[in-house]
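Structure record follows, encoded as structure tokens.
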Amino acid sequence: MKKLALLFAGLSLMATTACKDDAVEVQEFPLVGTWQPLKENRTEVDINGAAFTDEVVYSTCQQESRWVFNENSTGKRTNNEEVGNPVTCSVVSARNFSYVYNSSDKNVEIKYQGTVVSDKGKVTLLDAETLNLKIDDTSNPNIYKSTTYTFKRIPQ
């Protein structure tokens, strides 16, 4: 009888401790913030399937550029380049934009102020420190072009 009670107690203990919640919580990170560009990957595929990819690692000066995404769906893109003689790192463009980001399907559209230019793409990676943003160039229907920018979050 003691063995049966011990067996029942053991089985009860296993049943209560063996159950666990299999749901995995996925942490969502905000696009909002200041981002430092590190590199870009350019991809082209023509109508015949010929493809090439080119990785451009940004210089120290180019990495001083910033993309800022504000909470009110506005932002600013500042690009730095080495210019002049003697060469100095300078801001060569600063463009304000508005954006729409859908966190469920990761689609993003960036509309630059004062132009009809609009970049459409997808966030392919977004975590606490890294953002990969792929922008598609649909200007030529016979060639698929995209640029994937890799950014590092700048703490505020």
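The values are calculated or read from the model by the stated rules, or taken from the named source; none is laboratory data. As the structure is a prediction and not an experimental result, all values here were calculated from the model. Heads up, the Cβs are rebuilt from the backbone with ideal geometry, glycines too, and the neighbour counts pull from every protein chain shown. Side chains are part of the model used for accessible areas, which takes the heavy atoms of the whole protein and leaves out ligands, DNA and RNA. Shrake-Rupley method; radii C 1.70, N 1.55, O 1.52, S 1.80 Å.
Brief remarks follow.
- Matching option when the condition is open to solvent by 50 Å² or more (accessible area, probe 1.4 Å), out of contact with any Asp or Glu (no Cβ under 6 Å at 6 or more places or on another chain) and free of Cβ contacts under 8 Å to residues at least 40 places away in the same chain, among Asn107, Asn142: Asn107
- Across segment 46-67, the qualifying residues are those that are of a type in the set (Val, Ile, Thr) and more than 20 Å from Glu82 (Cβ to Cβ), and the one among them that is most open to solvent (accessible area, probe 1.4 Å) is Ile47.
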